[in-house]
Structures are given as structure tokens and as C-alpha cells.
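The values are calculated or read from the model by the stated rules, or taken from the named source; none is laboratory data. Predicted, not measured: the structure shown is a model, and the values here were computed from it. Cβ placement follows ideal geometry from the backbone for every residue including glycine, while neighbour counts extend to all protein chains displayed. Areas reflect the complete protein model, heavy atoms only, side chains present, ligands, DNA and RNA absent. Shrake-Rupley method; radii C 1.70, N 1.55, O 1.52, S 1.80 Å.
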Amino acid sequence: MSSEPSIFFSDTNERQGSFLRRTFVIGAITAVGGVALTGRLAQLQVVQAGEYATLATNNQFNFRLVPPPRGRILDRNGVVIAGNRPSFRVLVVRDETKDLDQTLDLLGRLLPDTVDRRRSIIRDVNAAPRFSPVPVKSDLTWEEFARVNLYANELPGVMADMNEARFYPFGGSFAHVIGYVAKPNDRDIKAIEDAGEKVPEILYNPGFRIGRQGVEKAFDRDLRGEAGGNRVEVDARGRVVAEDVGGSKPPVPGKDVVLTLDADVQNRALEVFGEESGGCVVMDVRNGDILCMVSAPSFDPNLFVGGVPSSIYRALADYERLPLLDKAIYGTFPPGSTFKMTTALALLDAGIDPKERVVCTGGYRFGARTFRCWKAGGHGAMDMHSAIKNSCDTYFYHLCNRAGIDRIARVAEDLGFGQAYEIGIAGQSSGTVPSTRWKRAYTEATSWDDDGTWYPGETLSVAIGQGALSVNALQLAVMTSRIAHGRKAVQPRLVKAVGGEARPQAPAFADLPFSDQHLDIVRAGMAAVANDVTGTAYRTSQLGLGDIQMAGKTGTAQSRDYKAGESRGPRNAQWSRRDHALFVAFAPHDAPRYAIALIVQHAPSGGSVDAAPKAREIMKTVLLKDPDMRARIERPLPPEAVAPVGVDEGDAGSGPGGEVVGPAAAAVAPPPPPAPRPAPAATSGPRPYLSEPPR
Amino acid sequence: MTASALTRPGERDRLSTKITELDWRIVGLLCLIAGVGAAMLYSIAGGQWQPWAADHLIRFGVMLVVMLGLAMVHPKWWFRGAYPLYGLLLILVLMIEFTPLGYVAGGARNWLNLGVIRIQPAEFMKLGLVLALARWYHSHSAQEARWSWKLLIPAAMIGLPFLLVAKQPDLGSAMIIGLTGGAIMFLAGLSWRVMAAAAAAAAAAIPPFVMFVMHDYQRNRVLTFLNPEADPSGTGYNIIQSKIALGSGGVLGKGYGLGSQSQLEFLPERHTDFIFSTVAEEFGFVGSFGLLACYVGIILIALRIASLAHSHFGRIAAAGMTAFFALFVLINGAMVMGLAPVVGVPMPLLSYGGSSMMTVMIGFGLVLSTRVHRYAELPKGQGLF
């Protein structure tokens, strides 16, 4: 550089000197800038690298929830009564569509029925989070599915996939028991939040359903399972770029719930109701298993899975026979004459001789009022057996105040009325068992214009199952089971197992406080109802299954009060003014296994004509499904081969229910000598109830 | 090449001599940066030459030849062309504003459609401004450059294009024009006191300017810079994602082609303004620091070249070009690191984009020409053309 020419002019020199200093300043500024940027880089890339790495990972990876397959609901024999079926559906992702309106126009050409729902689709799509697919149509036919897939390339943001939808193969048969599933709504989510729990993210998944009624609701947590997740790599637009297999978690399927119900019985029950309205419960006398719990008319729960159209919902809700109401456990009815066993047991408990006779002249004058027997001409002289057999009201009018309302109420409660049972699902009514205490409490609670004292005249109504008394079909079945069992206060059971784990049977049933003699009298009366030619239900309760016969009791209950001067009008003119028909029964009457209670709401006729034949058909189905019963029916009957039922049926060893194994086995050890089978209508002699000899 | 050889008459004007006088360090660093740019463009296209990397390399190759060619051009030609070029570009900028040939792209009316080609005159305006100012200062004394009424002329030369470009509105370019002009006035010897007063006035003018003159989107950018988390999915998105890309790169980076922020398109404008973040993500602190060092190296070498020039025109022109280049680097760097608002200034030679590359390469042609012809003297007060 020494060879470079020097500067000659002072001004030029000054210019150059100033320039060099300033250039140095510019260089220094640049260097400082570089250092500052380097410092910033170090801060971001060295000091805070960890934080930003996390943020980048959050950007890059998404956890896509995989809904778990919902647990199935099975009947006692493993028949699926609520399962899952594949369903093709179309989803729209708003942020992947170029223009939602245009996309829906095109989609409307492929799936014409989306045109009508367009407004609600747009609302759903706009309400959903970005990039989350919103189902716009489920249950596509294969053709529709193929069509959407074919045009998928021209419809960005539209995809068709397959998921699982809830399916109830028996339609309405189980609608009230197992309920249905539906899309979680804001209230469901709020309920979870109010309970202080974290709302599972899967609830927001399109297509996820939660239980809304019955078993689906009560066991929702078990049926739901646990959502799995796929860790996927996404780009900035939320599109899945790759799946990270290592980071995926498979979903845990929901647990299966096994019920004690029998699908065949259930279906048959709904069938025999036809268009009639009512409820029916069948129980296993020995262990309380509910084989049938049906409410008619019913509805198809499959309609509710995808969101029930409001027109259908209105039609169901407005129909006067109330298909949405569960008439087996929620609807309560006056029991009518089916309550007379209870009254009879109360009479016996009060020390009244069952041989005591009351002459029925067609009514009973009590105070200023005549209480009429259903048979206008009167039954003549009645003892307890014939009073039950003929369902004579006068007999019970006459004697009931000697037992007293509180004794009747106590017996009613011992037999299972006035309470709700732990059967695992909600929606039971406990009904009303009137007593003096009840009336006091009721009067106080309602400020009813009455002093709250019980009048003996009210007892008369209750004694024949009217008045304030109200029961549901399940309670009637429990009552019948307990009378049939005789020893234990059988408790109903609906859920057999959850997730392969057997639900424990009700803890050892309590003892019933009734003596065998008293129960025998009542049971004999019931046997006579069904099998004595003069019984109220003789014609309509013959099973035709060999020597297996029912013991039952009919009931016809007034459905409403008639005010003074008001006419009932032409009989059966108006459905809602008709009487209720009831029938309770157990079979076989000589070794009870199954109890049935059936209510026909506002039946055209009465218990013997409308309820008993239905109960008979259902009971037939139950009995024919029981291999022991079949063996008994199909067995040839050489007289000498007839052994006591308890032994030759072979179930004495296993016992009818867990709690009676001990005494039964001990008692059977010396087999009783063969004895001739008692005549069906026989009312005396030891009867091998429940395969057990009398204590 | 010996010193004695250079003293022989005519020796310096030989092409072969000129070529050996080129500063190969600068050429090498420019090639390195452009190569890194092409590699990153290849990476973010998912390992494809299309649509960016191939273009980038071809443009660079062409411009490299142009640059080396311009380096052989004697400064007197640059000197003679300075005012006409400035005038022409000013006319083009005016044409954008006042003729239908200008059209809008990306929110700003900054393109000119000349039928054959479409250009952004604002880019070349920076170049023209450097040359014009250099020529003006060449003809004026130190005293005049420090503080005199004649400074109104260079101030007008800066202010006119600044206002026109700001009106387009292309605030990034306007800012670069203003700052480059300011840097040249400073280099030429503007009084410190005047500078301090001007800086104070500018600082005082910024808040009202931001609040009342700027367009909404520009104001948003500034406000977003001050608090990017206020609207993470909207205007703050770019800065946040860029910082995530940088930070998650760590010390050694995620590896070439493995930057999730860039590859999965979380990083916006990743092939243009935010390409530095991609480098930083895939090569970490080591890579980004190395790249920054290359830029600073080029700037310091270029300033040294400027200081060696015998003509005041050469000094001012080379230093002005360097200041212009340095502004790009520092503003873009600060922007991607979340230290400056998003203003749409690319990283020279790294970002994809033809206008910016052309300007920068022509500018370095001028710098290299200054180096090659560092002994050339230019007469003072030469005629206008």
C-alpha cells in the first residue's frame, strides 16, 4: 500500500479522513449488529432451545383420538341386544374446503338429502373447531359411500369413512330397559363439569355417543371404554402427514354388560301385547333374576342413535298410550284383586281362621255406603280359599278391618310393595302403600283438607287393591315370587355381569315372616284360580304343557275415580276410561320357578280375559326355554316313576338360589318316599315348594 | 503480480490484470451464501429442485457473470451513468404512481408492467440513489458535506423516492432507501450535531406516524412486533413461528431437510423473508452463526475496499452499497429473531427472489469495480453526462 499515491489537496484530505473515520463507525455498527444478532441467536437456540423444542413438537404432532368400541349388552344367553355395526359416514372439514357453500352444493348433488339439512350442517360445521371433521351424514348406503369416494378429489375437505354405530337388533323389545345412546349435549358436558371432573376429550369426537336411558346410561362408564390415540404428524393446515406408530395407544373397548333378561321371552312379551298398552315382568323365583321386563307399546331406540327427527319424537311423545314411558317400573297402577293375597296373609296373620265363612250377597254395607262385589249376584258363603279363587270382594270387605290397615301395609311391604329395588337402572317408582302413618304424612305434606286420621272405610278399598294403593309391575312380580318362594324375600336382579365379572347376587335374601301354613292357603287359592274349573282364570291360564300348571290371580282395577253423578259411560267407549287388567302368576304351581306379573292398561275387558292369556303365552315361552321344564314336559309319565318333584328334577342339590343350598341339600339327604303327585287343585297336604320339604 | 508491474502504463487496464485484482474472498462468500440459499430452497421444497432451488441457482449464475462483468467497468462509466440512471428510475417510480402501467401485488402498488418485463423499480432505485449521491458528494467539498444549504439537494434525492415508495405503500423499501441515504450522508461527513437532531426528530415522529399515517396492516405489524402473543394465529403468527423454528433448532440443528417448522409449513414465507429461520432450524446455532459471520465478513471486506478507493465517488459508492447490503442483513436478521417488526425485507442472496438478487449482485459489481479500479481518479466537477 505504500506505493499508493498520497492525497494532495487539503480538502480532499479532509474528505478522505472524515470518510475513513465514518467508515470505521459503520463497520463498528455492523459488527455490533452482528454481535447483537449472535447474542439473540444464542438466547433462542442455546438458552431457550428446550422451550422452543416443545413448542415445535406441539406444532408438529397431534393426538388424534380413536373412539373405543362401545361395550355390548347381552342377554342371559349371550344374545347381543345392543351392539355396534359399521356405518359409513361423510365428514366435512371446514378449513380444508375451498368454499363451504360450493362444497355443500356439490355434496348436495351426490347426497340429495343433505340439501334439506343444509342450514343445520352449516351451523354444525361452523361451530366445530378448525380442522376437526364434522359428520354431515351417517349411515350411507354402499352406493352413496362409493359415490362420495369417487368424487373425493373434486371435493377438498370432504371425506367418507367408516365408524361404529350403536345398533339394537331387537328394536323396541328392550327399549325401556337398555335405553339408547345419543350425542353428548351441552347439558351432559356441564353435568360432568359440575361434578368437578375433567370432561373426557372423546366426548367432543364426532360420532361419539353416551348412554341416555336405562342400562346404557347407568353403565355408561363401563360400556364406554377408554379412548385410544394416534400420534400423527400434521402440517400447518392440520393435514396428517405421517402416523407415528410408536406413539399410538390403542383404545380399550368398553365392557360388555350381561343382563338377566332373555331375548326370546322379551320379544314374545312385546308381541303378545300387540297394540295394548302395559307392562310385564318375569322373574326367576329362586334367585330374583328378571327374565323379562317389557313395556308396551315400545319405540325403536335405533331412531335415537343418530338424533331422532323431531316429527317422530313428537309422534311418540303425543301418543296417548305413552310409548316412551316405562310401564314395567315407572308406571304405577292400582293392583286390584292381585292384592288379595296380601290382604289374605294379613288376615291370617291377625289370627282369622281361613275356614271362617262370609256370605257374599253382591256387596257389603259399611257405614252409609255399600261396597260392591264385582259379582252383582253375590258369591254365597266364602271361606278364604274360595274367596281368592273367586276373587270375592265382599269377603275381604268384611274381614279387612279385623286385620287393620297397618297390618295389611306391613304385609304389603314384606311382600315387596312400596319400595324401589337396586336393579342397576334408574326410573323406578316406588308406588304407594297406604297406612295410618302414610296418611298422616301425606295429609301434612299436601295440606289436604282432612285431619289425617285413617277411616276404616278406606281400609275396604285398599283390601281389594284400590284406593290410594299403587304398585308397579316389578313389585307385583316380586310379590308373586316371594309368595311362590315362601321362605326368602327374593330381590330382583337385572344385571348379571359387567365386563366378565359376575355382579354379586343380592346379599342373602332376608327371611319372609310368613308361616308355611298361611302361604299354603294363599298358594292353594292361586292354584285354584288357574286350575279349578270355577277359578276366575281357569280357561285363560291353562298352559297345555303336560303337568306343569300355573297358579295365579287376576285383577281388574278401576283406573280412575268416578265422582258422584258421573257416569262411566258406555263401557269401553273411551280407552283412557277403561279399567286396567292385571294378572300375576307363578309356575309350575307345585314347584315354583318363575313368577310373572302383567298389567294391561285400560284393557277392553278384565284381568282374566285380557291379562291372563298374555301372561300364559309369555310363561309358556319361559318354561319351554328351561331344560328342566322341558325334561318334565317331555317325560313319559308311568305312575310309579313319578317321584317327588324336588328330587327327580335334580335341582335340589344345586339349589334354587345360593342361599338355600345348605338346608336343601341337608333335607334331601334322606329322599322322601315317592308319593303320588298332588292333584292340581289340591289344597291340603305337604307341597314340595321349591324342592324343599317344609321346615 | 508485483507492485512494479502495476506501475507500468496501461498494465492496470488490461483485462487479465483486472481479473487478478478482483476480491475473490467476496466472490467466494457470495457464492457460498447463494449456495446455502439454494440448498435450503431445495430442502423446503421437500427435496425438489422445483419450484425454487433451480431458479435460484440459475439466477445467481447469471448475475454472477453480470457482477464480474460490471467489476471490469471503469468507475468513470458508473460516474457518468449515475444521474441518468437515477432520473430514469425516478420516472419509473412515478409511472407506477401516475400511469396505468403500475399494478398492485401483495397489497402494494409497487410493480411496473413494461410489456416485456415486469419490474419493481423501487429495488433498483436504491442502487440509483447510491450512485447519484456518490456522484453528488464527489463534486462537493467536505465543508459542503458537513453542513450547508447545498445538502438540500442530496436530501431531496433521498426524500423524493422515499416518499413515492412509501406511498405505494412499500414501507420496507422506503425504509431501506431512507436509511441507505442517511448512511451515505453520514459517510460523506454530515455533522454529528445535525445527525443527532435528525435522529431525535425521527424518533419523535415515529409514534404519530405509526398511529395516524400507516395503513392498518402496517400498524398491525408494528403492534404485533411489540406484543406478538396478543394474536398468535393472526398477525403475530409469523414472528412466533419463526422464533419456534429458530429456538427448536438448538445448537446443532435438526438436520438438513428435517426441520419440522419449515417442512410442515408452520413457518410462513419460509422461502423468502423467513429463510434464515429455516437455516437456523436445520443447522442450529452453529449454522446460523456461521451464516451471519459470512455476511458480516462480506460487509467488513467491502468497507475496506471502499476505504482503499482513490476517488471519492468510488469510496462513497462502495460504502453506500455496503451499507445498503448491511441494512438488509441486519433488518432481516432482527425480524426473523423477533427483534424488529415484519417489514418484508429479504435476506440478500439467501431468500428466493429475482429483484433483490439483481440489485445486490449489481451492487457488488460496483464494489468489485471500485476494488479493481481503486487507483482510478475521477475529475471533480465533470459535466452532467
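Run B:VAL342 past the list (1) out of contact with any Asp or Glu (no Cβ under 7 Å at 6 or more places or on another chain); (2) within 11 Å of chain A (Cβ to nearest Cβ) and report the number of the one that doesn't hold.
So B:VAL342 meets the others, but not (2).
Considering only residues of segment A:129-162 that are open to solvent by less than 50 Å² (accessible area, probe 1.4 Å), out of contact with any Pro (no Cβ under 8 Å at 6 or more places or on another chain) and small (Gly, Ala, Ser), which is nearest to A:ARG94 (Cα to Cα)?
In this case the residue turns out to be A:GLY157.
Read through the list (1) open to solvent by 20 Å² or more (accessible area, probe 1.4 Å); (2) within 30 Å of B:LEU112 (Cβ to Cβ); (3) under 25 Å from the mean Cα position of the chain (by Cα); (4) modelled with pLDDT under 90, then give the number of the only condition that B:PHE212 fails.
B:PHE212 satisfies every listed condition except (3).
For residues that are among the polar types (S, T, N, Q) and under 14 Å from A:ARG40 (Cα atoms), scanning just segment B:260-299, find the one that is nearest to the other protein chains (Cβ to nearest Cβ). Don't jump to the end; show me each part of the working.
Within segment B:260-299, the subset among the polar types (S, T, N, Q) is B:260-263, B:272, B:277-278, B:288.
Filter once more, so that each one left must be under 14 Å from A:ARG40 (Cα atoms): B:277, B:288.
Details: B:SER277: 10, B:SER288: 5 Å.
Once the filter is applied, the top-ranked residue is B:SER288.
Among the residues of segment B:107-146 satisfying the criterion of being in a strand (DSSP E or B) and in contact (Cβ under 8 Å) with a residue 40 or more places away in the chain, which is surrounded by the most Cβ atoms within 10 Å (Cβ to Cβ)? Steps first, please.
Just the residues of segment B:107-146 that are in a strand (DSSP E or B), to begin with: B:108-113, B:118-119.
The next check asks that each one be in contact (Cβ under 8 Å) with a residue 40 or more places away in the chain; those that pass are B:108-110, B:119.
Values: B:ALA108: 20, B:ARG109: 15, B:ASN110: 24, B:ILE119: 19.
Ranking the candidates gives B:ASN110 first.
Could you say whether any residue in segment B:137-150 is under 30 Å from B:ASP216 (Cα atoms) and either within 14 Å of chain A (Cβ to nearest Cβ) or polar (S, T, N, Q) (or both)? Before you say what the answer is, go through the steps one by one.
The first filter runs over segment B:137-150 and keeps only residues under 30 Å from B:ASP216 (Cα atoms), leaving none.
The answer is no; no qualifying residue exists.
Looking at (1) surrounded by fewer than 16 Cβ atoms within 10 Å (Cβ to Cβ); (2) of a type outside the set (Gly, Ala, Ser); (3) under 38 Å from the mean Cα position of the chain (by Cα), find the lone condition where A:ASP99 falls short.
All conditions pass for A:ASP99, except number (3).
Of the residues that make up segment A:163-176, is at least one buried (at least 17 other Cβ atoms within 10 Å of the Cβ) and modelled with pLDDT under 85?
Checked against the condition, which is being buried (at least 17 other Cβ atoms within 10 Å of the Cβ) and modelled with pLDDT under 85, segment A:163-176 yields at least one hit.
I'd like to check something: does segment B:282-289 contain any residue that is open to solvent by less than 10 Å² (accessible area, probe 1.4 Å) and on the phi < 0 side of the Ramachandran plot?
Quick first cut of segment B:282-289, residues open to solvent by less than 10 Å² (accessible area, probe 1.4 Å) only: B:282, B:284, B:288.
Imposing the further condition that a residue be on the phi < 0 side of the Ramachandran plot reduces the set to B:282, B:288.
Yes, that holds for at least one residue.
For B:SER311, indicate whether it is closer than 22 Å to B:ALA376 by Cβ, more than 17 Å from the chain's Cα centre (by Cα), of a type in the set (Ser, Thr, Tyr) and open to solvent by less than 20 Å² (accessible area, probe 1.4 Å). Quick ask: steps written out before the conclusion?
Working: closer than 22 Å to B:ALA376 by Cβ: yes; more than 17 Å from the chain's Cα centre (by Cα): yes; of a type in the set (Ser, Thr, Tyr): yes; open to solvent by less than 20 Å² (accessible area, probe 1.4 Å): yes.
When the stated conditions are applied, B:SER311 passes them.
Filter segment A:42-77 for residues that are within 14 Å of chain B (Cβ to nearest Cβ) and either open to solvent by 60 Å² or more (accessible area, probe 1.4 Å) or under 30 Å from A:LEU106 (Cβ atoms) (or both) and give the result. Please lay out each step first, then the result.
As a first pass, look at segment A:42-77 and keep what is within 14 Å of chain B (Cβ to nearest Cβ): A:42-62.
Within segment A:42-77, A:GLN43, A:VAL46, A:VAL47, A:GLU51, A:THR54, A:LEU55, A:ASN58, A:ASN62 qualify.
Sort through A:VAL115, A:VAL80 and tell me the only one that's open to solvent by 20 Å² or more (accessible area, probe 1.4 Å), away from chain B (no Cβ under 14 Å) and closer than 30 Å to A:LYS217 by Cβ. Lay out the reasoning, then the answer.
On the way: A:VAL115 fails: closer than 30 Å to A:LYS217 by Cβ.
Checking each option against the conditions leaves just A:VAL80.
Applying the selection to segment A:221-258, what residues are outside any strand (DSSP E or B) and either more than 14 Å from chain B (Cβ to nearest Cβ) or within 23 Å of A:LYS183 (Cα to Cα) (or both)?
Taking segment A:221-258 first, the residues outside any strand (DSSP E or B) are A:221-225, A:227, A:235-239, A:250-251, A:253-256.
Listed by number, the residues that qualify are A:ARG221, A:ASP222, A:LEU223, A:ARG224, A:GLY225, A:ALA227, A:PRO250, A:PRO251, A:PRO253, A:GLY254, A:LYS255, A:ASP256.
Among B:ILE331, B:ILE362, which is the only one that is closer than 16 Å to B:LEU64 by Cα, open to solvent by 10 Å² or more (accessible area, probe 1.4 Å), touching a residue at least 60 places away in the same chain (Cβ under 8 Å) and more than 8 Å from chain A (Cβ to nearest Cβ)? Before you say what the answer is, go through the steps one by one.
Details: B:ILE331 fails: closer than 16 Å to B:LEU64 by Cα.
Among B:ILE331, B:ILE362, only B:ILE362 is closer than 16 Å to B:LEU64 by Cα, open to solvent by 10 Å² or more (accessible area, probe 1.4 Å), touching a residue at least 60 places away in the same chain (Cβ under 8 Å) and more than 8 Å from chain A (Cβ to nearest Cβ).
Pairs needed: first member in segment A:133-147, within 11 Å of A:MET159 (Cα to Cα); second member anywhere, of a type in the set (Phe, Trp, Tyr) and buried (at least 18 other Cβ atoms within 10 Å of the Cβ); C-beta distance under 6 Å; at least 6 residues apart or different chains.
Hits for this filter: A:PHE145/A:PHE88.
Out of the residues in segment A:2-19 meeting the condition of being within 8 Å of chain B (Cβ to nearest Cβ) and open to solvent by 70 Å² or more (accessible area, probe 1.4 Å), tell me which one is modelled with the highest pLDDT. Let's see the steps before the verdict.
So the first thing to find is which residues in segment A:2-19 are within 8 Å of chain B (Cβ to nearest Cβ), and the list is A:3-5, A:11-12, A:14-16, A:18-19.
Narrowing further to those that are open to solvent by 70 Å² or more (accessible area, probe 1.4 Å): A:3, A:14.
Details: A:SER3: 45, A:GLU14: 82.
Applying the filter and picking the extreme gives A:GLU14.
Only one of B:LEU30, B:LEU64, B:LEU57 is open to solvent by 40 Å² or more (accessible area, probe 1.4 Å) and either free of Cβ contacts under 8 Å to residues at least 24 places away in the same chain or assigned to a helix (DSSP H, G or I) (or both); which?
Numbers: B:LEU30 fails: open to solvent by 40 Å² or more (accessible area, probe 1.4 Å); B:LEU64 fails: open to solvent by 40 Å² or more (accessible area, probe 1.4 Å).
After applying the criteria, what remains is B:LEU57.
Given the condition over 30 Å from B:THR99 (Cα atoms), within 14 Å of chain A (Cβ to nearest Cβ), at pLDDT 85 or above and surrounded by 18 or more Cβ atoms within 10 Å (Cβ to Cβ), answer yes or no: does some residue in segment B:198-209 qualify? Can you show your working first?
Residues of segment B:198-209 that are over 30 Å from B:THR99 (Cα atoms), as a first pass: B:198-208.
Adding the requirement that they be within 14 Å of chain A (Cβ to nearest Cβ) leaves B:199.
Now drop any that are not at pLDDT 85 or above, which leaves B:199.
Now narrow it down to the ones that are surrounded by 18 or more Cβ atoms within 10 Å (Cβ to Cβ): none.
Scanning segment B:198-209, I find no residue that is over 30 Å from B:THR99 (Cα atoms), within 14 Å of chain A (Cβ to nearest Cβ), at pLDDT 85 or above and surrounded by 18 or more Cβ atoms within 10 Å (Cβ to Cβ), so the answer is no.
So, restricting to helices (runs of 4 or more DSSP H) that lie completely within segment A:450-532, which ones have at least 1 residues that are over 15 Å from A:THR338 (Cβ atoms), open to solvent by 10 Å² or more (accessible area, probe 1.4 Å) and of a type outside the set (Lys, Arg)? Break it down stepwise before answering.
Working: elements: A:456-463, A:473-485, A:516-531.
Output list reads A:456-463, A:516-531.
Return yes or no: is B:GLY172 at pLDDT below 85 and buried (at least 22 other Cβ atoms within 10 Å of the Cβ)?
Values: at pLDDT below 85: yes; buried (at least 22 other Cβ atoms within 10 Å of the Cβ): yes.
For B:GLY172, the condition - at pLDDT below 85 and buried (at least 22 other Cβ atoms within 10 Å of the Cβ) - is met.
Counting only residues that are surrounded by 15 or more Cβ atoms within 10 Å (Cβ to Cβ) and in a loop (DSSP other than H, G, I, E, B), how many does segment A:424-449 have?
Residues that pass the stated criteria total 10.
Going through A:ARG109, A:ARG94 one at a time, which residue ends up being touching a residue at least 12 places away in the same chain (Cβ under 8 Å) and either farther than 14 Å from A:VAL158 by Cα or open to solvent by 70 Å² or more (accessible area, probe 1.4 Å) (or both)?
Exactly one of A:ARG109, A:ARG94 is touching a residue at least 12 places away in the same chain (Cβ under 8 Å) and either farther than 14 Å from A:VAL158 by Cα or open to solvent by 70 Å² or more (accessible area, probe 1.4 Å) (or both), namely A:ARG94.
Out of (1) in contact (Cβ under 8 Å) with a residue 24 or more places away in the chain; (2) more than 8 Å from chain A (Cβ to nearest Cβ), the odd one out for B:SER248 is which?
(2)
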